[in-house]
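The values are calculated or read from the model by the stated rules, or taken from the named source; none is laboratory data. Here the structure is a predicted model, which is why all the values come from computation and not from measurement. As a convention, Cβ positions derive from the backbone with ideal geometry for all residues, glycine included, and neighbour counts pool all protein chains shown. Surface areas here come from the heavy atoms of the whole protein model, side chains and all, with no ligands, DNA or RNA. Shrake-Rupley method; radii C 1.70, N 1.55, O 1.52, S 1.80 Å.
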Amino acid sequence: MLVARGYAGFAIESVAAAAGVGKTTVYRWWESKAALAVDAFFHATEAELRFPDTGLAESDFRAQIAELAGLLRGGRGQALAAMLGGARTDPLLARALGERWLEPRRRWGIARMTTAAAAGELLPDTDIAAALALLYGPLYAPLLFGGAVPEPAAVAAYLDLACRGIFRPRA
């Protein structure tokens, strides 16, 4: 319920009541409403979003991005969009999103790209930060600007184009 309604759609009191605990107990576990909202979102999506390991970085990124796009096209994408919008003016929410949602994905992306570079899978002089922005930008930009997350065919088309500029062609 918390994730479906988004960050602004709940009160700590209602969460405490639903859990059968006092409000102070909730604040003992989460420092803010923002941290609770992000944690709820993270747990609701954790099982759906994996960090694949197929042995090829391009395949791993394609699989992860396709799963992420599917998740973001639904209600959870609307919840994330609401949280991203709120993070512009709420430093606690921005920090919670950074720590629980963005940073783990960034770390995985950097580690996977670094491994791919060492294995010779990337084109020479590929900037890892730029490559990650190119791969994930088309999913996050619509959330920030009120657009629709691309459908599967559009995701495949932009991945085809982006991957040609990042990964060496397979032999």
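Structure data summary
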| item | result |
| --- | --- |
| Filter result (more than 17 Å from Ala34 (Cα to Cα) and either within 9 Å of the chain's Cα centre (by Cα) or modelled with pLDDT of 90 or more (or both)) within the stretch 68-103 | Leu68, Ala69, Gly70, Leu72, Arg73 |
| Qualifying residue in the stretch 127-145 (condition: over 25 Å from Thr45 (Cα atoms), at pLDDT 90 or above, open to solvent by 50 Å² or more (accessible area, probe 1.4 Å) and out of contact with any Ser or Thr (no Cβ under 7 Å at 6 or more places or on another chain)) | yes |
| Residue in the stretch 89-101 that is open to solvent by 60 Å² or more (accessible area, probe 1.4 Å), closer than 23 Å to Val155 by Cα and in contact (Cβ under 8 Å) with a residue 40 or more places away in the chain present | no |
| Which numbered condition Ala171 fails, given (1) over 30 Å from Lys33 (Cβ atoms); (2) among the hydrophobic types (A, V, I, L, M, F, W, C); (3) at pLDDT 90 or above; (4) open to solvent by 50 Å² or more (accessible area, probe 1.4 Å) | (3) |
